[in-house]
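The values are calculated or read from the model by the stated rules, or taken from the named source; none is laboratory data. Note that the structure is predicted; figures quoted are calculated from it, not measured. Virtual Cβ from ideal backbone geometry, glycine too; neighbours counted across all protein chains shown. What goes into the accessible areas is simple: the full protein's heavy atoms, side chains included, and nothing from ligands, DNA or RNA. Shrake-Rupley method; radii C 1.70, N 1.55, O 1.52, S 1.80 Å.
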Amino acid sequence: MIETRNLNKSFGDNLVLNNINETIKKGEKIVIIGPSGSGKSTFLRCLNLLEKPSSGDVLFDGINITDKNANVDKLRQKMGMVFQQFNLFPHMTVEENIMLAPVKLGIMSKDMAKNKATELLIRIGLQEKAQAYPNQLSGGQKQRIAIIRALAMSPEVMLFDEPTSALDPEMVGEVLDLMAQLADEGMTMVVVTHEMNFAKKVGTRVLFIDEGIIVEQNSPEGIFENPKNQRLKDFLSKVL
Amino acid sequence: MTALYQSFYDALIPDGRYMSYIDGLKITITISFFAIILGSILGSIVAIMKVTAINYKIKFLEFLCNLYINVIRGTPLMVQLLIIYNLIFTSRNTNEILVGAVCFGINSGAYVAEIIRAGIESIDKGQMEAGRSLGLNYLQTMRLIVFPQALRNILPPLGNEFIVLIKETSVAGIIAVTDLTKAAQYIASRTWEPLPPLIIAALCYLIIVLGLTKVLNMFERRLAKGDRN
Ligand SMILES: Nc1ncnc2c1ncn2[C@@H]1O[C@H](COP(=O)(O)OP(=O)(O)O)[C@@H](O)[C@H]1O
Ligand SMILES: [Mg+2]
């Protein structure tokens, strides 16, 4: 579904991604782990071209989206993204946040989008927040709404960049539960996280990135019970 | 006391002098009004061009925007006014009021551009990214997500800029426009008492500025209502 070929990204002369070749298949739940500053976010953001790769290609459903003629806006509609800082639109109600993209992109009528928003809000038990503004919500509620805002576009894949890192500990669970539900329903997911239990339970494959290179990848059992790379061992001993 | 009354009476009533203030006021308001509109349009366009140029690293466009902004902000308004006036005055039938409005508009545009740019840049980058990640294009995200939020930060300094502009139109007299200030000076030259007409003119400016301040405060309060963050 997503493929990177010789993907490189530098900021100035700081080489952040070093020749990454990776294929993510439909239905996979990829978990990306690694030290801070290793390039995890940059990798994720290259997949939907929020960062422009310095060289190499990103293919989505077989289409080279790094090609100059590719319609990136159209392709992004199929790739939902969830950010560490939620990035809800503070000047809009929860319902308007969810309806905005489907309506403005002509995918749904206002009525359809409203129904969809209601349906999604009921799903996460926040239907009474439809008319609330984001600042009236807890962190966990904000992030769950950011997730369903992305779901309203019916994406084929969801990208998560440390979705629980900005949350108070007691709210991490509700967000991870929603993500686990999505995984159960078969959503293709790429998740950057420090929640190792989530990686073990939900992940189908774990990538360990260090200094812009995927130095080891394996099933969760392989990564956590039988790590081979020394830096992965060091990393795990610090976070587990 | 009666002398004071007499001098204000002389500055206002004989020969229908109050009409001169009103005519001058009309011209001041006309110039200000069109300059504000032109300045806002020009400023918005330049601000959007500059922000886009910075985001997409279009060096040439950024250079052009900065050239305009720096030249206008780096030279005195009165000199700009005289240059434009002389440029255009070489042709006949110049409409001085139009020249004034255009000149003040071009001048104000540079300040408005920087106010709007700063307002847009004050919005968290994550807002643009969230919009783009949903599939909205750059301009849609700007218009629907970034700009409405920036407006709250833009409005107070923008109102301030309009107020400065209105007061600065008082130098329009140097290009042979009989605005409020010039009208007051004409009357002073008749009555041989410069203070009363100037004080009357000052009061007129004060009333306009205070009125505008009230309107702007109303806008700000309305924007702040469904407030958040
Ligand atoms: N927009 C940027 N400009 C310059 N350097 C950046 C930018 N984004 C990330 N970097 C640098 O790239 C490296 C990797 O960052 P990132 O992908 O955010 O790491 P991670 O998500 O693994 O913590 C870091 O050294 C960071 O400083
Ligand atoms: Mg990161």
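Are there any pairs with C-beta distances below 8 angstrom linking a residue in the stretch A:66-82 that is more than 13 Å from every other protein chain (Cβ to nearest Cβ) to a residue that is assigned to a loop (DSSP other than H, G, I, E, B) and open to solvent by less than 40 Å² (accessible area, probe 1.4 Å), with the two at least 6 apart or on different chains, and if so which?
From the stretch A:66-82, the pairs are A:66/A:49; A:66/A:53.
Are there any pairs, at least 6 apart or on different chains, whose C-beta atoms fall under 7 Å, with the first in the stretch A:143-170 and among the acidic types (Asp, Glu) and the second in a helix (DSSP H, G or I) and within 16 Å of ligand 2 (Cβ to nearest atom), and if so, which?
Partner pairs satisfying both residue conditions: A:161/A:41; A:161/A:44.
Would you pick out the residues in the stretch A:108-133 that are touching a helix residue (DSSP H, G or I) at 6+ places or on another chain (Cβ under 6 Å), assigned to a helix (DSSP H, G or I) and not charged (D, E, K, R)?
Answer for the stretch A:108-133, where residues must be touching a helix residue (DSSP H, G or I) at 6+ places or on another chain (Cβ under 6 Å), assigned to a helix (DSSP H, G or I) and not charged (D, E, K, R): A:113, A:117, A:120, A:121, A:127.
Might you let me know whether the stretch A:124-141 holds any residue that is in contact (Cβ under 8 Å) with a residue 40 or more places away in the chain and closer than 30 Å to residue A:16 by Cβ?
yes
Just to be sure before I move on: is residue A:41 within 14 Å of chain B (Cβ to nearest Cβ), touching an Asp or Glu at 6+ places or on another chain (Cβ under 7 Å) and either within 16 Å of ligand 1 (Cβ to nearest atom) or at pLDDT below 95 (or both) in the structure I sent?
It is true that residue A:41 is within 14 Å of chain B (Cβ to nearest Cβ), touching an Asp or Glu at 6+ places or on another chain (Cβ under 7 Å) and either within 16 Å of ligand 1 (Cβ to nearest atom) or at pLDDT below 95 (or both).
Looking at the stretch A:108-134 only, could you name the residues that are under 18 Å from residue A:175 (Cα atoms) and within 12 Å of chain B (Cβ to nearest Cβ)?
Hit for the stretch A:108-134 is A:134, nothing else.
Mind checking which residues of the stretch B:123-169 are among the polar types (S, T, N, Q), over 20 Å from residue B:52 (Cβ atoms) and open to solvent by 40 Å² or more (accessible area, probe 1.4 Å)?
Answer for the stretch B:123-169, where residues must be among the polar types (S, T, N, Q), over 20 Å from residue B:52 (Cβ atoms) and open to solvent by 40 Å² or more (accessible area, probe 1.4 Å): just B:160.
Test each condition in (1) farther than 20 Å from residue B:133 by Cα; (2) within 13 Å of ligand 1 (Cβ to nearest atom); (3) buried (at least 17 other Cβ atoms within 10 Å of the Cβ) for residue A:18 and report the one that comes out false.
(3)
Only residues that are part of a strand (DSSP E or B) and within 16 Å of ligand 2 (Cβ to nearest atom): list them for the stretch A:185-199, please.
Answer for the stretch A:185-199, where residues must be part of a strand (DSSP E or B) and within 16 Å of ligand 2 (Cβ to nearest atom): A:190, A:191, A:192.
Any residue in the stretch B:160-184 that is among the charged types (D, E, K, R) sitting within a Cβ distance under 7 Å of a residue that is open to solvent by 60 Å² or more (accessible area, probe 1.4 Å)? List the pairs, counting only those 6 or more apart or interchain.
Once the first residue is among the charged types (D, E, K, R) and sits in the stretch B:160-184, its partners that are open to solvent by 60 Å² or more (accessible area, probe 1.4 Å) give B:161/B:111.
Kindly indicate the residue of the stretch A:44-89 that is away from ligand 1 (no atom under 16 Å from the Cβ), over 22 Å from residue B:56 (Cβ atoms) and within 12 Å of the chain's Cα centre (by Cα) and also most open to solvent (accessible area, probe 1.4 Å) among those meeting that condition.
Only one residue fits best here, namely A:86.
Scan the stretch B:113-151 for residues that are free of Cβ contacts under 8 Å to residues at least 24 places away in the same chain and more than 7 Å from chain A (Cβ to nearest Cβ) and jot them down.
The answer is B:124, B:125, B:128, B:131, B:139, B:141, B:143.
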